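Trainee: Quick one: the structure is below, questions incoming.
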Number of protein chains: 2
Amino acid sequence: MAVPKLEDSLPQAGEGSQNNKAKTTTISQPTPYAPSDFLSRVDNFAIIESTLREGEQFANAFFSREKKIEIAKALDSFGVEYLELTSPAASRQSYEDCKAIADLGLKSKILTHVRCDMGDAKLAIETGVDGLDVVIGTSSILREFSHGKDMQYIMDKAKEVITYIKSQGVEVRFSSEDSFRSDLVDLLSLYKHVDALGVNRVGIADTVGCATPLQVAELVRTLRGVVSCDIEGHFHDDTGCAIGNAFSAVASGCTHIDTTVLGIGERNGIVPLGGFVARMYACNPEYIKGKYDLQALREVENLVADAVGISVPFNNYITGYCAFTHKAGIHAKAILNNPTTYEILKPEDFGMTRYVSIGHRLTGWNAVKNRVEQLNLNLNDDQVKEVTAKIKQLADIRPQTMEDVDRVLRDFHNEVHNITSSSSSTTSSESAKAQTA
Amino acid sequence: MAVPKLEDSLPQAGEGSQNNKAKTTTISQPTPYAPSDFLSRVDNFAIIESTLREGEQFANAFFSREKKIEIAKALDSFGVEYLELTSPAASRQSYEDCKAIADLGLKSKILTHVRCDMGDAKLAIETGVDGLDVVIGTSSILREFSHGKDMQYIMDKAKEVITYIKSQGVEVRFSSEDSFRSDLVDLLSLYKHVDALGVNRVGIADTVGCATPLQVAELVRTLRGVVSCDIEGHFHDDTGCAIGNAFSAVASGCTHIDTTVLGIGERNGIVPLGGFVARMYACNPEYIKGKYDLQALREVENLVADAVGISVPFNNYITGYCAFTHKAGIHAKAILNNPTTYEILKPEDFGMTRYVSIGHRLTGWNAVKNRVEQLNLNLNDDQVKEVTAKIKQLADIRPQTMEDVDRVLRDFHNEVHNITSSSSSTTSSESAKAQTA
């Protein structure tokens with residue numbers, strides 16, 4: 001509840017340059033074609049963490065109250081600005097759980113997600129949450145096949161529900177559903193209408209995962225010119241653009257992004273918390289390190305993965321077991337010279353460690369030399385090249401573990417130093433660094 | 001080798017409208033703010049499948065020759081236009097494997113990936129591949145910490161190597177490495193230089209995964225104005241934008257995209273084949289269905305997952321076990337009315353099936369009614385609402401399997417029809433569809 005109201009800090013005319021100045025310290029945008037738009041909220045956004053709402057729509061999810069509280073506390077301590085919970089109208093337990101979490105006194109604001117319906121809104125207010133996320137389908141396809149209402153009905157209903165929620169003194173967001181298949185004029189008219197009613201945020205939702213980053217940028221820019229309130233983005237990942245869309249949205253003026261831990265949600269889910277944090281960190285590490293406890297990310301992910309009975313994907317952002325493993329010879333050489341050559345994220349900022357893999361046919365002599373030094377072996381460059389060729393030969397037969405490699409290095413070292421007249425002839429060592437990016 | 005040369009079909013002035021016309025049949029772009037640029041190659045692109053090159057840089061990957069051949073054949077039969085293999089200079093086995101695959105006579109063109117080096121290029125030509133993908137680091141950070149060469153050296157080396165490769169009558173691509181942290185003028189000068197030398201493609205590579213979709217669009221548009229050859233994009237996924245970047249690139253004029261099965265590669269990998277196909281299918285299902293054997297996707301993924309000892313991620317695009325599972329009451333209701341309400345991909349096009357989950361607290365009576373009908377039970381709407389409330393109650397205690405739900409429905413049905421005077425009073429059934437998108 002100590003969260004600064006984002007709409008108070010929207011960039012005013014003339015502030016753009018200051019915004020841009022802040023960005024010159026970032027890692028990922030040193031090129032002349034980096035986005036540097038005065039609409040950008042890359043340095044000033046909030047996360048609405050929806051593991052306890054969207055995440056509950058994941059096929060495997062069944063959270064007991066104790067588990068919900070454990071997850072809520074972990075996310076609060078990670079530092080997310082908001083937690084969104086399942087509608088109290090969904091079931092008796094959902095109602096009670098919502099109440100219990102609203103009562104915890106967390107730093108994160110507590111929201112619940114409700115249909116644009118007075119009954120649902122009243123039930124939600126009873127639970128003591130800090131805000132209501134109201135949603136209604138606006139695409140013609142949802143209007144026809146879901147709720148069957150027309151735009152005038154939606155406008156009138158929105159007015160009734162929003163006016164009521166505001167009278168109760170809590171935050172209110174009004175979102176369309178399936179925004180990217182909605183008629184643009186309908187959509188903008190509705191947003192303008194609810195902005196005038198005084199909502200805190202309007203939400204755009206790519207409910208089916210069809211939007212692309214360029215479409216998102218266009219819609220958010222257009223919307224930014226129509227409403228004065230904050231803008232929230234909700235992006236599904238059916239076609240792999242959830243994080244790209246979220247970033248495009250924020251770069252174009254969107255202030256709040258919905259995430260879930262590991263991206264769990266309906267179908268294959270939404271923007272994952274870790275992946276989104278990785279994306280935003282790449283733009284401005286200091287801002288992200290100041291907002292969130294990045295060292296706690298892995299723990300939060302493991303907690304949720306256990307709760308829903310899944311494994312963290314092998315290629316998970318930041319915490320996947322190979323996210324900081326370097327293999328190709330050229331990569332390994334450069335990483336050992338300077339990690340930022342092939343790393344946009346510093347593993348140590350996330351409590352992770354770098355691993356340079358060398359027991360394979362793509363290895364290079366620079367990486368092997370580094371290991372030789374770690375083992376305190378005494379080999380000159382020609383000798384390292386020779387033993388690298390040997391490792392490649394062995395690795396063509398089967399992959400070599402670090403122990404295998406160490407044994408080869410030690411044996412070679414002993415051989416060299418027992419038979420001091422042994423050859424130091426170069427081998428086909430040039431091939432050692434032949435594997436590239 | 002029957003692959004049409006893409007550069008021959010680059011849109012000419014005036015062809016833009018025809019391009020746009022084709023797109024009006026797509027599912028995902030019926031909105032007025034859909035990208036409809038004459039540069040777009042969304043309806044005319046090729047995949048360079050790099051599981052046997054980038055994929056070999058994945059921490060777990062160790063492919064025997066037999067496995068490489070099995071993967072190459074599976075990808076060829078899926079229909080990818082190109083296969084990219086590890087440099088023959090990496091190891092003896094890599095050289096022999098490259099030769100063996102080039103000899104298979106596949107429909108996919110065979111490429112190998114080499115450093116900008118005459119030795120590597122000569123070795124690659126010996127293997128009989130259809131083309132060479134030449135790469136060199138151009139960012140100042142790679143120039144300083146990797147190969148240590150300046151731009152003039154790179155230009156000269158490029159000329160020597162490209163001229164040689166062209167003299168051998170095979171395709172040649174010239175790519176920078178770490179393109180998004182390279183100086184724009186250096187980059188454009190180099191591309192212009194190699195375009196004039198007659199390369200088939202220039203490549204841009206987001207080697208560290210730092211690029212964003214808007215940056216990619218800008219760079220590709222700029223580059224499209226500088227070179228006349230094809231453009232290839234290679235995108236790492238460290239910050240979750242690989243697919244979004246690939247799509248932005250294609251929408252802005254990029255003709256070729258690098259993928260790997262499940263996205264395996266250095267660190268957490270690159271654009272996954274399945275996810276990229278999902279993205280492109282969403283724009284133009286007929287084009288994608290005509291190019292690729294979508295029913296074979298799952299098999300190719302399982303083959304590679306087994307080969308590298310990983311599980312397909314729970315949230316994998318298209319083939320993840322919950323990609324077509326619908327849970328929330330409102331979703332389930334609409335999906336049963338019309339699947340395109342909440343599905344941008346048709347599961348049957350990929351040999352997958354839809355699953356509507358109903359044994360949970362977020363269920364709705366419309367979905368339950370559908371199951372009642374599947375089971376040939378005779379219940380009116382009020383009775384379905386009543387049994388839905390019962391399912392929610394039970395699901396608040398523990399998740400209900402389909403068998404559990406069926407038992408509840410059958411018991412309820414028997415009860416209703418044995419005791420014909422039983423109540424048909426409505427319960428709190430309105431809450432049944434309270435859970436939303």
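Trainee: For segment A:68-86, which positions are surrounded by fewer than 22 Cβ atoms within 10 Å (Cβ to Cβ) and among the small types (Gly, Ala, Ser)?
Mentor: A:ALA74, A:SER77, A:GLY79
Trainee: Among the numbered criteria (1) within 10 Å of chain A (Cβ to nearest Cβ); (2) in contact (Cβ under 8 Å) with a residue 24 or more places away in the chain, which single criterion is violated by B:VAL261?
Mentor: So B:VAL261 meets the others, but not (1).
Trainee: Then there's this: Filter segment A:194-210 for residues that are more than 30 Å from B:LEU219 (Cβ to Cβ) and within 14 Å of chain B (Cβ to nearest Cβ); which is modelled with the highest pLDDT?
Mentor: Only one residue tops the list, namely A:GLY203.
Trainee: Show me the strands (runs of 3 or more DSSP E) found entirely inside segment B:62-137 where at least 1 residues are within 11 Å of another protein chain (Cβ to nearest Cβ).
Mentor: Correct list: B:109-115, B:131-137.
Trainee: Considering only segment A:102-161, state which residues are of a type in the set (Gly, Ala, Ser) and over 17 Å from A:LEU197 (Cβ atoms).
Mentor: Residues satisfying the conditions are A:ALA102, A:GLY105, A:SER108, A:GLY119, A:ALA124, A:GLY128, A:GLY137, A:SER139, A:SER140, A:SER146, A:GLY148.
Trainee: Check off (1) farther than 30 Å from A:SER94 by Cα; (2) within 15 Å of the chain's Cα centre (by Cα); (3) within 12 Å of another protein chain (Cβ to nearest Cβ) for B:VAL300 and give me the number that stays unchecked.
Mentor: The number of the failed condition is (3).
Trainee: Name the residues in segment A:313-334 that are free of Cβ contacts under 8 Å to residues at least 60 places away in the same chain, among the hydrophobic types (A, V, I, L, M, F, W, C) and facing another protein chain (nearest Cβ under 9 Å), would you?
Mentor: Answer for segment A:313-334, where residues must be free of Cβ contacts under 8 Å to residues at least 60 places away in the same chain, among the hydrophobic types (A, V, I, L, M, F, W, C) and facing another protein chain (nearest Cβ under 9 Å): A:PHE314, A:ILE318, A:CYS322, A:ALA323, A:PHE324, A:ALA334.
Trainee: Among the residues of segment A:173-187 satisfying the criterion of being in a helix (DSSP H, G or I) and of a type in the set (A, V, I, L, M, F, W, C), which is farthest from the chain's Cα centre (by Cα)?
Mentor: Residue satisfying both the conditions and the ranking: A:VAL185.
Trainee: Within segment A:138-172, can you find the residues that are under 26 Å from B:TRP365 (Cβ atoms), not in a helix (DSSP H, G or I) and not basic (Lys, Arg)?
Mentor: Those that are under 26 Å from B:TRP365 (Cβ atoms), not in a helix (DSSP H, G or I) and not basic (Lys, Arg): A:THR138, A:SER139, A:GLY148, A:ASP150.
Trainee: As an exercise: evaluate A:LEU379 against (1) within 27 Å of A:ASP293 (Cα to Cα); (2) modelled with pLDDT of 90 or more; (3) touching an Asp or Glu at 6+ places or on another chain (Cβ under 9 Å) and give the number of the one condition it does not meet.
Mentor: That leaves (1) as the condition not met.
Trainee: If I filter segment B:335-358 for residues that are more than 9 Å from chain A (Cβ to nearest Cβ), in contact with an Asp or Glu (Cβ under 8 Å, 6 or more places away or on another chain) and in contact (Cβ under 8 Å) with a residue 40 or more places away in the chain, do I get at least one hit?
Mentor: no
Trainee: Is it the case that some residue within segment A:355-364 is buried (at least 19 other Cβ atoms within 10 Å of the Cβ), of a type in the set (S, T, N, Q) and over 27 Å from the mean Cα position of the chain (by Cα)?
Mentor: yes
Trainee: Right, next: Going through segment A:367-423 one residue at a time, which ones are in a loop (DSSP other than H, G, I, E, B) and under 41 Å from the mean Cα position of the chain (by Cα)?
Mentor: Correct list: A:LEU375, A:ASN376, A:ARG398, A:PRO399, A:GLN400, A:THR401.
Trainee: Taking the condition within 16 Å of B:ILE318 (Cα to Cα) and facing another protein chain (nearest Cβ under 9 Å), does B:PRO285 pass?
Mentor: no
Trainee: Here's another thing I want to ask about it. If I go through segment B:188-213 residue by residue, how many of them are crowded, with 24+ Cβ neighbours inside 10 Å and in a helix (DSSP H, G or I)?
Mentor: Number satisfying all stated conditions: 3.
Trainee: A further question follows. Could you pull out every one of the helices (runs of 4 or more DSSP H) wholly within segment B:231-350 that has 1 or more residues that are touching a Phe, Trp or Tyr at 6+ places or on another chain (Cβ under 9 Å), at pLDDT 95 or above and among the charged types (D, E, K, R)?
Mentor: Correct list: B:273-283, B:285-291, B:297-308.
Trainee: Kindly indicate the residue of segment A:283-338 that is small (Gly, Ala, Ser) and under 30 Å from B:ILE136 (Cβ atoms) and also surrounded by the most Cβ atoms within 10 Å (Cβ to Cβ) among those meeting that condition.
Mentor: A:ALA328
Trainee: Could I ask something else about it? If you scan segment A:147-169, which residues turn out to be buried (at least 20 other Cβ atoms within 10 Å of the Cβ) and over 16 Å from A:LEU190 (Cβ atoms)?
Mentor: Matches in segment A:147-169: A:ILE165 only.
Trainee: Return the pairs, sorted by first residue and then second, in which the second residue is assigned to a strand (DSSP E or B) and at pLDDT below 95, the first residue lies in segment A:171-193 and is closer than 16 Å to A:VAL216 by Cα, the beta carbons are less than 7 Å apart, and the residues are 6+ apart or on different chains.
Mentor: Close Cβ pairs (under 7 Å, with a partner that is assigned to a strand (DSSP E or B) and at pLDDT below 95) amount to A:SER175/A:VAL135; A:SER176/A:ILE136; A:GLU177/A:VAL135; A:GLU177/A:ILE136; A:GLU177/A:GLY137; A:ASP178/A:GLY137; A:SER182/A:SER176; A:LEU187/A:SER176.
Trainee: Pull out all pairs, ordered by first then second residue, where Cβ-Cβ is under 9 Å, the residues are six or more apart or on different chains, the first lies in segment B:47-65 and is assigned by TED's automatic domain parsing to the domain that holds B:VAL250 and at positive phi, and the second is surrounded by fewer than 24 Cβ atoms within 10 Å (Cβ to Cβ) and modelled with pLDDT of 95 or more.
Mentor: No pair meets every condition.
Trainee: Does segment A:87-96 contain any residue that is buried (at least 19 other Cβ atoms within 10 Å of the Cβ) and in contact (Cβ under 8 Å) with a residue 60 or more places away in the chain?
Mentor: no
Residue-wise test of (1) more than 10 Å from chain B (Cβ to nearest Cβ); (2) in contact with a helix residue (DSSP H, G or I) (Cβ under 6 Å, 6 or more places away or on another chain); (3) touching a residue at least 60 places away in the same chain (Cβ under 8 Å).
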site: A:THR212; (1), (2), (3): no, yes, no
site: A:GLY233; (1), (2), (3): yes, yes, no
site: A:THR239; (1), (2), (3): no, yes, no
site: A:ASN268; (1), (2), (3): no, no, no
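The values are calculated or read from the model by the stated rules, or taken from the named source; none is laboratory data. What you see is a predicted model, and the numbers here were worked out from it, not measured in a lab. Using ideal geometry, Cβ is built from the backbone for each residue, glycine included, and neighbour counts are taken over all protein chains shown.
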